[in-house]
1. Out of curiosity, is residue B:87 closer than 16 Å to residue B:132 by Cα, of a type outside the set (S, T, N, Q) and over 13 Å from the mean Cα position of the chain (by Cα)?
2. Residues of segment B:32-58 being in contact (Cβ under 8 Å) with a residue 60 or more places away in the chain, more than 9 Å from chain A (Cβ to nearest Cβ) and not β-branched (Val, Ile, Thr), which ones?
3. Since residue B:22 meets every condition but one in (1) open to solvent by less than 50 Å² (accessible area, probe 1.4 Å); (2) more than 11 Å from chain A (Cβ to nearest Cβ), which condition does it not meet?
4. Restricting to segment B:92-106, give me the number of residues that are of a type outside the set (A, V, I, L, M) and open to solvent by 70 Å² or more (accessible area, probe 1.4 Å).
5. Count, please, the residues in segment A:63-103 that happen to be more than 27 Å from residue B:13 (Cβ to Cβ) and assigned to a strand (DSSP E or B).
6. For segment A:76-91, state whether one or more residues are crowded, with 17+ Cβ neighbours inside 10 Å, away from every other protein chain (no Cβ under 14 Å) and touching a His at 6+ places or on another chain (Cβ under 6 Å).
7. Restricted to segment B:17-31, and to residues that are assigned to a loop (DSSP other than H, G, I, E, B) and modelled with pLDDT of 95 or more, which residue is nearest to residue A:108 (Cα to Cα)?
8. Of all the residues that make up segment A:126-171, how many are under 23 Å from residue A:104 (Cβ atoms), assigned to a helix (DSSP H, G or I), touching a helix residue (DSSP H, G or I) at 6+ places or on another chain (Cβ under 9 Å) and open to solvent by 10 Å² or more (accessible area, probe 1.4 Å)?
Protein chains: 2
Amino acid sequence: MDLASLIRDVPDFPVKGILFKDITTLIRNADAFREVIDRMADHYAETDVDIVVAIEARGYIFGAPLAYKLGAGFVPIRKPGKLPAKIVSESYTLEYGTNTLEVHEDAIEPGQRVLVVDDLLATGGSARATVNLVERLGGEVVGVAFMIELDFLHGRDKLSGYDILSLIHYD
Amino acid sequence: MDLASLIRDVPDFPVKGILFKDITTLIRNADAFREVIDRMADHYAETDVDIVVAIEARGYIFGAPLAYKLGAGFVPIRKPGKLPAKIVSESYTLEYGTNTLEVHEDAIEPGQRVLVVDDLLATGGSARATVNLVERLGGEVVGVAFMIELDFLHGRDKLSGYDILSLIHYD
């Protein structure tokens, strides 16, 4: 199946000059959604994964089915103020300003093998912050998975040394 | 498995006087997460479901695996400003003020059979707004599923006439 053909380009979103890759047109297609999850799961068929960690909000759409299929637990990374118990946080820089991501400090046990999932790898800031959160809690990052990678933004440079999976590439 | 025993009570979150039901302690447990998804899927084993619609953000954690397991497409309901293409929106009242939910206007085809999923049924405002969105697009709501229902808030009164599934009840 040509997954890329199901992604909708939306010009000037969220700001002028950005060509937004809209995944909603792919995931509403049952066969395409299934293929994405199956291809991700196949990549980790020989990998022990205790926990899938995914980044709010679109990361949950891929991370939660992958956790289910791999027989792993699921841990949500959230934007500030959403988690009710004690948290640890990481901030990262954007073109303008900073973003912060949070996780419960008891979400991962030391030594657990963790797969990090998000919908899209752009500049890599949120994925790197998430890897840092997992490692601060004592987790071992066994992979980082995306449906889409925007190769021209070189986000994987921030994840060197980790096993990176991306199903769809834009040069 | 005693799913309720894995939910953490956090007092005074997000505001003083609220006892928050923290699901993160359940879903990080692989066996418990699997059981939740399997029990939901079993409930719809004899139901044709074309699309699972879930409410940002925690609803995705249950809705996306359920879509995968049922062989359905997935449609995210989002908070304002997040969806890039043309949307329809519904607002609903809270104790103080209003919230708005949005969906792409081409997310559901008329006649598609739609299952609505969220983590928790409280007063029912967001679930009812989502049902309205689905029906405005011509979808047929074949069920509304939650992991938790706070019975004392009577949210199901806003969903009378629909098939409601809740795995865990608090009186």
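The values are calculated or read from the model by the stated rules, or taken from the named source; none is laboratory data. Just so it is clear, the model here is predicted, and its values are computed rather than measured. Neighbour counts are summed over all protein chains in view; Cβ atoms, including those assigned to glycine, are modelled from backbone coordinates with ideal geometry. We work out accessible area using only protein heavy atoms, side chains counted, and drop any ligands, DNA or RNA first. Shrake-Rupley method; radii C 1.70, N 1.55, O 1.52, S 1.80 Å.
1. Working: closer than 16 Å to residue B:132 by Cα: yes; of a type outside the set (S, T, N, Q): yes; over 13 Å from the mean Cα position of the chain (by Cα): yes.
Yes.
2. Taking segment B:32-58 and keeping what is in contact (Cβ under 8 Å) with a residue 60 or more places away in the chain, we get B:36, B:39-40, B:43-44, B:47-55, B:58.
Then drop every residue that is not more than 9 Å from chain A (Cβ to nearest Cβ), which leaves B:36, B:39-40, B:43-44, B:47-49, B:52-53, B:55.
Hits for segment B:32-58 are B:39, B:40, B:43, B:44, B:48.
3. For residue B:22, the failing item is (2).
4. Within segment B:92-106, the first condition is being of a type outside the set (A, V, I, L, M), and the residues that meet it are B:92-93, B:95-100, B:102, B:104-106.
The next check asks that each one be open to solvent by 70 Å² or more (accessible area, probe 1.4 Å); those that pass are B:93, B:95-96, B:98, B:105.
The total comes to 5.
5. 1
6. Among the residues of segment A:76-91, not one is crowded, with 17+ Cβ neighbours inside 10 Å, away from every other protein chain (no Cβ under 14 Å) and touching a His at 6+ places or on another chain (Cβ under 6 Å), which makes the answer no.
7. Of segment B:17-31, the ones assigned to a loop (DSSP other than H, G, I, E, B) are B:17-18, B:23, B:28-29.
From what is left, the residues that are modelled with pLDDT of 95 or more are B:23, B:28-29.
Values: B:23: 15, B:28: 8, B:29: 10 Å.
Among those residues, the one meeting the criterion is B:28.
8. 2
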